[in-house]
Structure formats: C-alpha cells, structure tokens
Amino acid sequence: MAPLPAREVTAEAAPKDHRRGARGPGRSEMAGIGFAAPHALGLALFTLLPIGIALFMSLHDWPMIGSPSWTGFANYSSLLNDPTFRTALVNTFLFVVLYVPLNLVVSLGMAAWLSPKIRHRQIFRVIFFLPTVTPIVANAVVWRMLYQPGGAIDATARSFFGITMPDFLADPHWAMIAIVVMSVWQGFGYNMIVFSSALDSVPESQLEAASLDGANAWTVFWRIKLPLISPSLFFATTMTLITSFQVFIQPYIMTRGGPGDSTVTLVQFIYNQGFTFQKLGLASAAAWVLFVIILGVTAVQFLGQKKWVHYE
C-alpha cells in the first residue's frame, strides 16, 4: 500500500492537535494555577473583600449593636463638617511631612557611614535594626517614661546643663515632635538595611573612575552612588509614606491623642469612631478617605519615578 501524501497526513493531524488544545490547560498550567491560588484567595478574602465591605458599610448608619440603615453619602458629609476629623487629617499630614524626610535622611546617613571600611559593621547593623523588630508598644511605653518630668531626658538635662526640660507629651507644641522623634528611632533601621545593601552593590569600577577624575567624597555620593541606588530609595520612600499615613500606636500609647486633639491621627480617629462611639459606618467612611489618600500619594510616586529613578 502506497504511503499517504504529506499533505493528507497534515490534514488528518490538524484536527487531533486542535482537539488536544481544546481539552484545557496542561499539567504545567494547572501547577501554576495551583501555586497562585492560595495567594489569590488570600488577597480576595483578606484584602479585596474587606475593602468592599468597608465601602458598603460607609454608606450606612451602622451601629455596633442594632440594624444598619442606608444613608448614602451622609457619613462622608459628616466627616467634612467634623472639626475633629479635620484636625486628625492635619495632624496625619504633619506627621508624614516631619517623619518621612527625617527617617530617610537618618537611615541613608547611617547606611553611608556603615561602609565596608567600618570595623564590626555587622554588629552596628544589628544594634540599629533592633528597635525595628522590638514590639512597638514596648518602645512607646519606654519613650513615654523617658519624656515625662523627672525621666531620663529631664534628669540628664538637669544634671549636666542645669535646665528643666518641658513636659513634652503634655505640651501641644512638643507632643507631635516627641512622637516623630520616637518613630524615627523606631523605624529607621529597616531603611538603613535597604540602603546599606544598595550601597554595597555599587560597582567599584565607577567609584575608582570618579576618584581618578578628582571627585571628592560628597560628589561621589551625590553624583554616582545616589543615582545608582535610586530604585532602593524609591522603594523606601513609597513604603515609608504608606506606613506613616497609618500611624496609630505611637500617639495612642504615648498621648492618647492629646493634649487636646494635637496628636490625634486618622487611624486613631477611625478607631475612636468604630470602637469608642460604635459608629462603624462613620469609621468605614474615614477609612475609605484614608485609603484614597494613600492610593493617590502612591500613584503620584509611581508616576514621578520616571524622572529620577534609574533601573539601569
């Protein structure tokens, strides 16, 4: 029997290939779906679903006990007319404006100082990173004792300089600054590790070429090292901005939002409305305002990175 022409073999094989492709994803595709499913399920259950529920609750008068009632955008209107909410909004932005630059400057400066030429640099890294992994509640309690009259700061100033320090946490002019200082001490270690790793990865050839051209240490850092670590700087700036808008534990433990409302933040306002006054709808509306603010700031960060972040 003569063999079939090549064209007929191809014609018969084509439907089989088509049927094979119609059976669905293969074993490798199913494995990929299996690996991604737990993460996708966790994202849906613990992030997307709560966000949707919070939006739904923000459109209702939702007491802690009792039946909710539809109010539309009344909760958002109440927020705009609430002086405590406006104060919390201003305080949160004030904290962000003070904390983020200080955190980045201190962490970048410490990372630049902890160069490979420093002896026992790994020990210094561990020491500076310890506050980051220490429970923040414990840190806040310790710093509250340091700030109080007769505490370590006041006692040291009296012993060495003969002056009495103000009651930082009871003075509305000093309370937010005191919280920012404590927060920088608590959080700069993480960014320091990020910047230190980035600086260690700067090619030595470029540093040697700059030295041969007569560049001083400041020029090398500003013109060579800083552009090369700009992706790490962008990451640290974005993450620090996001976390700073969510500040809560420090003012809650150290001042309870006082004196007056001088250190009340948005997250503390949300907590008070939801769990103190049992207004879950109003708390959800404030949470959505915070979510939109963080989303907008992050979007601006990503849009602006093209001008100063270099991935090459």
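Each value in this text was obtained by applying a stated rule to the coordinates, not by laboratory testing. If you're wondering where the values come from, they're calculated on a predicted model, not measured in any experiment. Because the Cβ atoms are built from the backbone with ideal geometry, glycine has one as well, and the counts that use them run over all protein chains shown.
Remarks
- Cα gyration tensor, the chain - rounded (a/c under 1.5), prolate or oblate: oblate
- Cα-based helix-to-principal-axis angle, 230-245 vs the chain, degrees rounded to 10: 60 degrees
- Label-zone membership for region 205-243, site F93, 7 angstrom Cα→C-beta point, backbone N under 18 Å: 241-243
- Here the chain is assigned +1 on the Cβ of each Lys and Arg and -1 on the Cβ of each Asp and Glu. Its dipole about the Cα centre then comes out at about 460 debye.
- Considering only A140, Y99, M110, the residue lying farthest towards the positive end of the dipole of region 76-156 is M110, judged by Cα position with unit charges set on Cβ.
- Panel values: region 91-163, Kirkwood radius from alpha carbon pairs, Stokes-Einstein at 37 °C and 0.692 mPa s, translational diffusion coefficient 217 µm²/s.
- Note on the chain: with a GNM built from Cα contacts shorter than 10 Å, the maximum mean-square fluctuation among H60, H39, H120 falls on H39.
- Ordering of 165-175, 277-287 by packing [mean C-beta count within 10 Å, highest first]: 277-287, 165-175
- Residue list for region 242-267, given a label point 7 angstrom along the Cα-to-Cβ vector of Q148 and an amide N cut-off under 19 Å: 250-260
- Linear extension gain, R86 paired with M64, 0.36 nm per residue minus alpha-carbon span: 5.5 nm
- Placing a label point 7 Å from the Cα of S205 along the Cα-to-Cβ direction, the residues of region 275-312 whose backbone N falls under 17 Å from that point are 312.
- Between D171 and Q246, the simple spin-label model (points 7 angstrom out along Cα→Cβ) gives 3.3 nm.
- Farthest towards the positive end of the charge dipole of region 98-218, among the residues A157, F168, S211, is the Cα of A157, using unit charges on the Cβ of Lys, Arg, Asp and Glu.
- Dipole magnitude of region 154-308, debye to nearest 20 (Cβ charges: Lys/Arg +1, Asp/Glu -1, about Cα centre): 400 debye
- Here the sum of -39500 (n - 2.57) over DSSP H runs of 4 or more residues, divided by the residues of the chain, equals -21500 deg cm²/dmol at 222 nm, to the nearest 500.
- Angle of helix 136-147 to the longest C-alpha principal axis of the chain, folded into 0 to 90 degrees and rounded to 10: 20°.
- Modelled spin-label separation between R158 and S77, with each label point placed 7 Å from Cα along the Cα-to-Cβ direction: 5.6 nm.
- In the chain, a dipole from Cβ-located charges (positive for Lys and Arg, negative for Asp and Glu) runs towards its positive end, and of H310, F221, V90 it is H310 whose Cα lies farthest in that direction.
- Each label was represented as a point 7 Å from its Cα along the Cα-to-Cβ direction; for H310 and T47 these points are 3.2 nm apart.
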